[in-house]
Amino acid sequence: MSIIGTRKVRTLTVVCGLSLLLSVAPQVLAQDAAPQNARIQNTNTQAIPNGAKLKFKGVVISRDADTFTIRDRNRTNFQVLLTDKTSIKTHGGFLRSGKSYPVTDILRGLIVEVEGRGDSQGQLVAEKIRFNESDMRAAITTDTRVNPVEANQERITGQMDELYAIAQEAKQTVIEVNERVSSLDDYDVHESVAVNFKVNSAVLSPDAKQQLDTLAEKALTARGYMIEIAGHTDSTGSEAKNFRLSRDRADAVVQYLAIKHKIPVRRFVTPMGFGKTEAVADNSTREGRAQNRRVEVKMILNRGLVQQTSSARP
């Protein structure tokens, strides 16, 4: 062959080679990009087609009663279903079968090889599961260390929830106590009577005593009560005389309740004589003056103590 012919053959060969490379390059690049896209997209659990037979290897990342999740080397997760027919063994050596294990020994962190078929739920129904004895020991060690930590975290979470509930209850108790304390100076009138007197007299009549007896019976069964007493007169007589007379009438009521009914003196608000300054009727008439010759007796209850009794009763 001549030199010119040899050059023509070489040139043709180079052209063909370049054409072949250009035609193959897109396919190669596409094949290289596809696994990368798959690795990026397949980060969640992937469903397995119904009836499809698969065999792959990965690590157990979670475990439930009858299922576990396995993650392969591409970081793709698969749901595996265990049945009574699932064969679970270690890899056998030469001329010997592996050691059988129960389904309960499938632990997190165990590297397994799973073979089975997909079901209608997108799970892989495991027919065979194989693993190395050394991987089982490593998984047991990991599970022994991790489970107490998780249990301790759950216990701490429960204690924190309990402490939060106690704190909320204590906060509510403080609010209620503050409300009761702020109400200790507040009183509500529970019972009241007005006993009348004769002209220029501070002597209790039988009817007045009967009214005071009824009020005393109710007071002795109450809690946190006080008795407020105010004496009054009509407009007859001097101002000094009326102030003195109204105070004598108030003292007569205090003396009767304290001696006859044994009401402690500490229960009485300081008796006060108002004279003729707080008339309730017209002093120009006989009936009006009779109404003004009176002592008003009020049994008042401490609002804070009443709230405390009500809240303690339930």
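Observations
Matching residues to (1) crowded, with 18+ Cβ neighbours inside 10 Å; (2) under 37 Å from the mean Cα position of the chain (by Cα):
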position: Asp72; (1), (2): no, no
position: Leu81; (1), (2): no, no
position: Lys85; (1), (2): no, no
position: Ile88; (1), (2): yes, no
position: Gly92; (1), (2): no, no
position: Leu107; (1), (2): yes, yes
position: Gly116; (1), (2): yes, no
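- Of all residues in the range 228-273, those being part of a loop (DSSP other than H, G, I, E, B) and modelled with pLDDT of 90 or more number 12.
- Scanning the range 51-100 for residues that are among the charged types (D, E, K, R), touching a residue at least 24 places away in the same chain (Cβ under 8 Å) and assigned to a strand (DSSP E or B) gives Lys53, Lys55, Lys57, Arg63, Lys89.
- Check on Arg180, in a loop (DSSP other than H, G, I, E, B) and either assigned by TED's automatic domain parsing to the domain that holds Val297 or modelled with pLDDT under 95 (or both): no
- If you go through the range 261-294 and keep only what is over 22 Å from Val203 (Cβ atoms) and among the hydrophobic types (A, V, I, L, M, F, W, C), you end up with just Val269.
- All of (1) basic (Lys, Arg); (2) modelled with pLDDT of 85 or more; (3) more than 21 Å from Arg267 (Cα to Cα) hold for Lys218 with one exception: (3).
- Only residues that are more than 50 Å from the chain's Cα centre (by Cα), part of a helix (DSSP H, G or I) and among the polar types (S, T, N, Q) were counted in the range 184-227, giving 2.
The values are calculated or read from the model by the stated rules, or taken from the named source; none is laboratory data. Note that this is a predicted model, so its numbers are computed, not measured. Here the Cβ is made from the backbone with ideal geometry for all residues, glycine too, and neighbour counts use every protein chain on show.
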